[in-house]
Amino acid sequence: MKTTATMFPRARIPYGTWGSSYFPAWQTSGLAEVNVGQFAGEAMGRILGLRKVPSHALEYLVIGSTIPWHWKFWTAPLVASCMGRRLPGYHVEQACATGLQAVLLGGAEVESGAKDVVGVLTFDRTSDSPVGVFPERRAHQRTHAIADVWDNFGFDPATGKAMIAAAGMTARKYQVDRSETDDVAFLRTQQYFAAKDSGFLDRVLVPLDLLTVAGRPMGRIDEDKGVRPVSRGALRAQRELDTCVTSGTQTHASDGMATLLVTSPERARELSARPEIEIRFVGKAEARTEPSLMPEAPTFAVQRLLERTGLAMDDIAVAKNHNPFAVNDVVFTRVTGYDWRKLNRTGCSLVWGHPQGPTLTRSLIEGLEEAVDLGGGYVLVFGCAAGDVGIAALFEVREGGRR
């Protein structure tokens, strides 16, 4: 395997200092009834406790979310208080890329020497997402203009088109056949259930209790609600909403959180569940394509990243992508020649849903865990970021000095 310089030579992700909630589909859990920032802070404290990470080890908090939530003005300091700590920190947001950007920014904090242990916490609640009321000074009613968060999925202000239209346009550009996107969706579901049945997902997903503001139990999140087995026949029978886009070949809105730590090498050895495992940051790239061609943008970001690092897809041990549409995966194969069957071997957002903020954080956690099972190697995580932007990042897992 080739070697390459690292993006942040000092930053590490201690093995096992991570976890994610299950991602229940929109309106299928009690998350619609709680403050998601409070839930995320309490959940992070619970996960770190299970991972035997002392709460006093944390020095800073980077949080990421995309949907407004009550108390959002107070961002990371408020969320840290919900996990029982008074920590400084800040909030980051970049649509679907939020979960990956938050991790990279945590790496930058450590690399700068500002902090030795940074907590990264990403979360979102699409269920009962708030409606924004904006001042409209051109009308006699000052609060005349009202916008729902869901409007953003149906309308790109730059093009006037919906996300589904972008997937359809990209499918037509690459002459994608409907049968191939159905095959992608079928395999992705099989991959998810294989990972679930093997116990793999139990190592990264944590059942979490929902509490009232008074701290009383009001439910439990212990499954990716909305995920069910599907047959090829059922996929074939679904109506096309746009070219190669059906309800079965696109993701669904969901709720959830995911967290991990980024630390210095010294602190990583202290906090890691397996100190012999070293996880490094290798590189990052972003790309923007033509309007309403979002499904191809992540592929261009990957190409740019591989060119910068001198690596090829054959050097990658684990490749995980956020694929809101099956079209994304087919296009990746069309452009790079890399078989889409090798992607997402333990599941992906096409199947378990898309709460936005934590989506790529969960993908990264699963990818790192899979690489450890393989004895190490490069982990590639990539996805879209609204409209026509793609992001990609590389990490390296070394186990006992091996790569």
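Of note:
- Residue of Pro68, Pro355, Pro291 that the Gaussian network model of the chain assigns the largest fluctuation, springs spanning Cα pairs under 10 Å: Pro291
- Taking the centroid of alpha carbons for each part, the range 225-298 and the range 315-331 are 8 Å apart.
- Basic side chains Lys and Arg get +1 at the Cβ, acidic Asp and Glu get -1 at the Cβ, and with that the dipole of the range 177-334 about its Cα centre reaches some 280 debye.
- Potential lengthening between Asp148 and Met218 on full extension [0.36 nm per residue; Cα-Cα distance subtracted]: 22.5 nm
- In this structure, the pairs whose alpha-carbon distance is over 32 Å, taken from Lys72/Lys342; Lys161/Lys196; Lys52/Lys225; Lys225/Lys320; Lys72/Lys320, are Lys72/Lys342; Lys161/Lys196.
- Selection from Ala237, Ser254, Thr170 lying farthest towards where the dipole of the chain points positive, charges on Cβ: Ser254
- Pairwise centroid distance, computed over Cα atoms, of the range 56-83 with the range 95-120, Å: 14
- Selected from Arg188, Arg125, Arg288 as most flexible by GNM, with the chain as the system and alpha-carbon contacts under 10 Å: Arg288
- Helix screen, the chain: DSSP H segments with Cα axial length of 20 Å or more and mean Kyte-Doolittle hydropathy at least 0.5 are 36-50.
- Taking every C-alpha pair closer than 8 Å and separated by at least 6 residues, the mean separation divided by the residue count of the chain gives a relative contact order of 27 percent.
- Where both bridge residues fall in the range 278-403, DSSP classifies roughly 75% of the beta bridges as antiparallel.
- Order of Asp329, Asp177 under a 10 Å beta carbon neighbour criterion, fewest first: Asp177, Asp329
- Nitroxide proxy distance, nm - points 7 Å out along Cα→Cβ at Ala312 and Ser112: 3.9
- Net length available on complete extension from Lys161 to His56 is 33.0 nm, with 0.36 nm assigned per residue and the Cα-Cα distance removed.
- Computed about the Cα centre, the dipole magnitude for the range 59-184 is approximately 560 debye when only Lys and Arg (+1) and Asp and Glu (-1) carry charge, each at its Cβ.
- Shape call, the chain: gyration tensor on alpha carbons, a/c limit 1.5: rounded
- Separation of alpha-carbon centers, the range 1-41 and the range 160-184, rounded to whole Å: 29
- Three-way shape call for the range 1-59 based on the alpha-carbon gyration tensor, with the a/c threshold at 1.5: prolate
- Considering only the chain, percent of DSSP beta bridges that pair antiparallel, nearest 5: 70
- Of Trp71, Cys82, Leu58, farthest towards positive along the dipole that unit charges on Lys, Arg, Asp, Glu beta carbons give the range 37-126: Cys82
- Per-residue ellipticity at 222 nm computed for the chain from its helices equals -9500 deg cm²/dmol, with DSSP H segments shorter than 4 residues left out and the rest contributing -39,500 (n - 2.57).
- Pair Lys342, Ser81: separation of 7 Å Cα→Cβ label points (nm): 5.0
- Tensor-based shape of the range 221-308 (alpha-carbon gyration tensor, a/c under 1.5 rounded, otherwise prolate or oblate): oblate
- Only Lys, Arg, Asp and Glu carry charge here, each on its Cβ (+1 for the first two, -1 for the last two); on that basis the chain has a dipole of about 340 debye about its Cα centre.
Values in this text are rule-based calculations from the coordinates and carry no lab data. Keep in mind it's a predicted model, so treat the numbers as computed, not measured. Positions of Cβ are generated from backbone atoms using ideal geometry, with glycine treated the same way; all protein chains shown enter the neighbour counts.
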